Amino acid sequence: MSKKIWLGSGPAKLPDEVLSEAAKSVIEYGNTGISILELGHRSKEFIAILDEANALVHELCGLTDEYEVIWLQGGGRLQFSMVPMNFLGENETAGYIDSGFWAHDAAESAKLYGNVSLLSSSKDINYTSLPGWPEVKEDLAYLHITTNNTIYGTQWKEIPEVSLPLIADMSSDILGVPRNYNQFDLFYAVAQKNLGPAGVTLVCIKKELLAGSKRVLPAALDYQKNAAAHSLLNTAPVFAIYVCLLNLRWLKKKGIENQLLENERKANKLYSALENHPYFTLVVTPESRSRMNVVFRATSSEIEKQFSEFCKAHQIDGIDGHRSVGGFRAALYNAITEEDVDQLISIIKNFQPTND
Ligand code: PMP
């Protein structure tokens, strides 16, 4: 179906099966006589979509019944504000680990609502490695981390237990690496990387945390009210949630364990192909390297330009690094197949710069 290998970091590639099913439903959803784009968010058909999506999130993340699953709009950026709005009192302090651009932005957003303590940061080394895991004091309102740093290509693999609410932005690695999801009191993920299309954000939150909102908020910004309304406080993004469901079904059919092993193989083989390469360098220290976003540079900006063009000429796109850092970034989310990665590796092997 797709004519290109799309390695963009979000919106990202979706499996062909998911795209064809979604396309069919745009013409008519099941036998309803209407398009999925026309389906009412309070219809019995959509309630069934929502219920199944919630159940699959529980199942694939291995969550206990202690969690509520909520689908919200406003993207990751809104979560950066909703978390402190709900859980950081004016005179309290929240701990943030500054492991990259988005992690930093989350911390900055929280400063509007209370005090923020940056417990550790790798900004001084341009985020080329994860910062050390800090000592976490229990008197903090919560600890916020970013499990995968999309722009810099670093990722927490093991996360120590902490004895205060643990909140994570999992936007770019949810269901992509082995994780004990029950370790978190709240985790959120924008859909457009490893879950579905843009327009919806998944939030999983422990019921006991729901009771502890720190301020009176507009209903749309209040987790408890959104949970009580079962994600239907306002008109839900029906199509975006439906495509997430198709993707979750696809993942279940494939087997989450198989997917996680495949992701490990994909990343390992790409890192190996780039290691000790004459024209490319890996930016991130080995122990911090992400399985989801492989970041690399070429040895000169001229070679970077040539490689970028070479990729496009070979139907590989979306590989240019984030505009703030340059270089390259291959997003290896679940829909990227091993064959896609093999093709990228063969492009890397065949690449010969001119006039170097
Ligand atoms: N968190 C992470 C880890 C991200 O990678 C991104 C976007 N790339 C965001 C948050 C922001 O998401 P949004 O654009 O939906 O606000």
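Tabulated data for the structure shown
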| read-out | value |
| --- | --- |
| Wholly within region 36-135, helices (runs of 4 or more DSSP H) carrying at least 3 residues that are more than 17 Å from Thr201 (Cβ to Cβ) | 44-61, 101-110 |
| Exclusive hit being at pLDDT 95 or above, farther than 15 Å from Asn194 by Cα, of a type in the set (A, V, I, L, M) and surrounded by fewer than 16 Cβ atoms within 10 Å (Cβ to Cβ), set Leu282, Leu261 | Leu261 |
| Subset tally (residues that are surrounded by 15 or more Cβ atoms within 10 Å (Cβ to Cβ), away from the ligand (no atom under 16 Å from the Cβ) and either polar (S, T, N, Q) or not in a loop (DSSP other than H, G, I, E, B) (or both)) for region 189-219 | 5 |
| Those residues of region 84-106 which are within 12 Å of the ligand (Cβ to nearest atom) and surrounded by 22 or more Cβ atoms within 10 Å (Cβ to Cβ), in sequence order | Ser99, Gly100, Ala103, Ala106 |
| Qualifying residue in region 238-245 (condition: assigned to a loop (DSSP other than H, G, I, E, B), away from the ligand (no atom under 16 Å from the Cβ) and at pLDDT 95 or above) | no |
| Residues that are more than 21 Å from the chain's Cα centre (by Cα) and touching a residue at least 40 places away in the same chain (Cβ under 8 Å), drawn from region 299-326 | Ser300, Glu302, Ile303, Gln306, Phe307, Phe310, Gln315, Ile316 |
| So Asn226, is it on the phi < 0 side of the Ramachandran plot and surrounded by fewer than 21 Cβ atoms within 10 Å (Cβ to Cβ) | no |
| Residues being touching a Ser or Thr at 6+ places or on another chain (Cβ under 6 Å), in a loop (DSSP other than H, G, I, E, B) and within 16 Å of the ligand (Cβ to nearest atom) - total across region 136-177 | 6 |
| Test set (1) in contact (Cβ under 8 Å) with a residue 12 or more places away in the chain; (2) surrounded by fewer than 20 Cβ atoms within 10 Å (Cβ to Cβ) - Ala48 fails condition number | (1) |
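Listed here are the residues, each with its yes/no results for (1) buried (at least 16 other Cβ atoms within 10 Å of the Cβ); (2) under 21 Å from Thr150 (Cβ atoms).
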| position | (1), (2) |
| --- | --- |
| Phe296 | yes, yes |
| Ser301 | no, no |
| Gln306 | yes, no |
| Phe310 | yes, no |
| Gln315 | no, no |
| Gly321 | yes, yes |
| Val325 | yes, yes |
| Phe328 | yes, yes |
| Tyr333 | yes, yes |
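The values are calculated or read from the model by the stated rules, or taken from the named source; none is laboratory data. Quantities reported herein were computed from a predicted structural model and do not represent experimental measurements. Using ideal geometry, Cβ is built from the backbone for each residue, glycine included, and neighbour counts are taken over all protein chains shown.
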